[in-house]
1. In segment 1-16, is there at least one residue being of a type in the set (Ser, Thr, Tyr), in a loop (DSSP other than H, G, I, E, B), touching a residue at least 12 places away in the same chain (Cβ under 8 Å) and surrounded by fewer than 11 Cβ atoms within 10 Å (Cβ to Cβ)?
2. Among the listed residues 113, 105, 133, identify the single one that is within 30 Å of residue 15 (Cα to Cα) and in contact with an Asp or Glu (Cβ under 8 Å, 6 or more places away or on another chain).
3. Looking at 25, 109, which is the one that is at negative phi, of a type outside the set (S, T, N, Q), in contact with a Lys or Arg (Cβ under 7 Å, 6 or more places away or on another chain) and surrounded by 11 or more Cβ atoms within 10 Å (Cβ to Cβ)?
4. Can you tell me which residues in segment 52-66 are surrounded by 10 or more Cβ atoms within 10 Å (Cβ to Cβ), of a type outside the set (Val, Ile, Thr) and closer than 22 Å to residue 39 by Cβ?
5. Select from segment 68-104 the residues that are among the aliphatic types (A, V, I, L, M) and in contact (Cβ under 8 Å) with a residue 24 or more places away in the chain and list them in ascending order.
6. Do the conditions hold for residue 35, that is, is it surrounded by 11 or more Cβ atoms within 10 Å (Cβ to Cβ), free of Cβ contacts under 8 Å to residues at least 60 places away in the same chain and not acidic (Asp, Glu)?
7. If you go through segment 54-87, how many residues are basic (Lys, Arg) and under 18 Å from residue 99 (Cβ atoms)?
Amino acid sequence: MSSDEDRINNLVSEMRILEGALSELSSRQNLLERILVDTNTSIETIKGIDPASSEEVLIPIGARLMLRSSPPKVDKVLVNIGANVVVEKAREDATKFMEGRAKEIEESLVALISQRNHVAQRLESDRRAAQTIINKQGQ
């Protein structure tokens, strides 16, 4: 086997690994984006409910479904803080907690996108290197 063939085989193996990593990172990005939307919806819902109002409100329950309801009591909110542990927090504290969580998710998303872009650049570099070797052999 020639050195060029070895190099192409190595590049192909690396590209397969990089493609798998890119797919996994893209899936994680999609998941974080959905979690961020859900978190921001929760924040807006908490902020948007006026406990003094007697007007009917629409409460999002997921999957683009809403319920008509009289305004719920929102002076206290139940917050899942992780590991299926739920604590009761004042409305303002719950909002701050969720805003902090949203910020953490955004930071994770930025880091993940950066990592995904790095993998994509490496994959493209390997593709160009393999194509260069193939073109050289064809001449």
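The values are calculated or read from the model by the stated rules, or taken from the named source; none is laboratory data. As the structure is a computational prediction, the values presented were derived from the model and not from experiment. Note that we place each Cβ from the backbone using ideal geometry, even for glycine, and neighbour counts take in every protein chain shown.
1. Scanning segment 1-16 turns up no residue that is of a type in the set (Ser, Thr, Tyr), in a loop (DSSP other than H, G, I, E, B), touching a residue at least 12 places away in the same chain (Cβ under 8 Å) and surrounded by fewer than 11 Cβ atoms within 10 Å (Cβ to Cβ).
2. After applying the criteria, what remains is 133.
3. After ruling out the rest, the residue left standing is 25.
4. 58, 60, 66, listed by residue number.
5. 74, 77, 94, 98, 102 - these are the residues of segment 68-104 that are among the aliphatic types (A, V, I, L, M) and in contact (Cβ under 8 Å) with a residue 24 or more places away in the chain.
6. Taking the combined requirement at face value, the residue does not satisfy it.
7. 1
To keep it simple, each residue is scored yes or no on (1) at pLDDT 95 or above; (2) more than 30 Å from residue 135 (Cα to Cα); (3) among the polar types (S, T, N, Q); (4) part of a helix (DSSP H, G or I).
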site: 22; (1), (2), (3), (4): yes, no, no, yes
site: 35; (1), (2), (3), (4): yes, yes, no, yes
site: 38; (1), (2), (3), (4): no, yes, no, yes
site: 47; (1), (2), (3), (4): no, yes, no, yes
site: 81; (1), (2), (3), (4): no, yes, no, no
